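The values are calculated or read from the model by the stated rules, or taken from the named source; none is laboratory data. Treat the numbers as computed from the prediction; the structure is a model and nothing was measured. All Cβ positions, even for glycine, are placed from backbone atoms using ideal geometry, and neighbour counts span all protein chains on display. For accessibility, only protein heavy atoms count, side chains too; no ligands or nucleic acids. Shrake-Rupley method; radii C 1.70, N 1.55, O 1.52, S 1.80 Å.
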Amino acid sequence: MKVIQFCGYKNSGKTTLIAALIPQLKRQGMRIAVIKHDGHGFDMDREGTDTYRFREAGAEGIAIASPGRTAILRETELELDTLIHMYTDYDMVLVEGYKRMPYPKLVLLRGMEDRGLLDQVEEIRGVVVNPSMLKEPSGLQEIRHRLAVPLFTWNETELIATLILSL
């Protein structure tokens, strides 16, 4: 099973890129799972549902299953490795976030002001930039000089999928 991380600052296009890559990877026969880190907290359950009532009553773990779908809610954050282990029957796990973890990464940059992220993460296998950054060739040359990895724009999803499959 391959694990590939997508790292970038907020609104850098991580979710959009992952959603665009999934169909391309599936066409290659890959079974894909996605893990997303949300540093701000989230709530998937809605008031009025049975699972919401169970959680409000104090349950710390809730599972709901139906034909074709299962959801497991836990009132605790799990480590990334624990989550990955839950998907060992998939061919690939795409991870959004968790930039400090030691898996191969694609780093997304919205603009040159995001370059500092390249110094904060390890295992970079590619850099994906906003197409408008092509107007700043000296900045892109600096990135290419610092890192011997492929550089893509957000629009080059076929090339990015090919890279991911080769990792």
Theoretical ellipticity at 222 nm over the chain - DSSP helices of four or more residues, -39500 (n - 2.57) apiece, nearest 500 = -8000 deg cm²/dmol
For the stretch 141-155, Karplus-derived ³J(HN,Hα) couplings (6.51, -1.76, 1.60; θ = phi - 60°; whole Hz; x for glycine and proline) come out as 4, 4, 5, 4, 5, 6, 10, 8, 10, x, 10, 10, 9, 4, 6
Could you check what % of the DSSP bridge pairs in the stretch 1-134 are antiparallel, to the nearest 5?
-> 25
Under 16 Å from the Cα of Lys99 - lysines, other chains or at least 8 residues apart = Lys10, Lys14, Lys36
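Could you work out what % of the accessible surface of the chain is carbon and sulfur, using a 1.4 angstrom probe and leaving DNA, RNA and ligands out of the count? Mind dumping the intermediate values first?
Details: 5070 of 10240 Å².
Carbon with sulfur: 49 percent of the solvent-accessible area.
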Highest-fluctuation residue, Lys26, Lys99, Lys14 considered, GNM on the chain with Cα pairs under 10 Å | Lys26
Residue with peak Gaussian network fluctuation, the chain [Cα springs, cutoff 10 Å], from Met86, Met44, Met101 = Met44
Please build a GNM for the chain, connecting alpha carbons under 10 Å apart, and tell me which residue among Ile124, Ile72, Ile22 fluctuates the most.
-> Ile72
Karplus 3J(HN,Hα) series, Hz, for the stretch 46-63 with 6.51 cos²θ - 1.76 cosθ + 1.60 (x for Gly, Pro) = 10, 4, x, 7, 4, 5, 4, 4, 4, 5, 4, 6, x, 5, 9, x, 9, 10
The chain, dipole about Cα centre (Lys/Arg Cβ +1, Asp/Glu Cβ -1), debye to the nearest 20 = 560
Computed over the chain, protein heavy atoms only, probe 1.4 angstrom, the accessible area per residue in square angstrom equals 61
Candidates per GluC sites (Glu not before Pro) in the stretch 95-147, loop by DSSP, up to 16 other Cβ within 10 Å = Glu122, Glu123
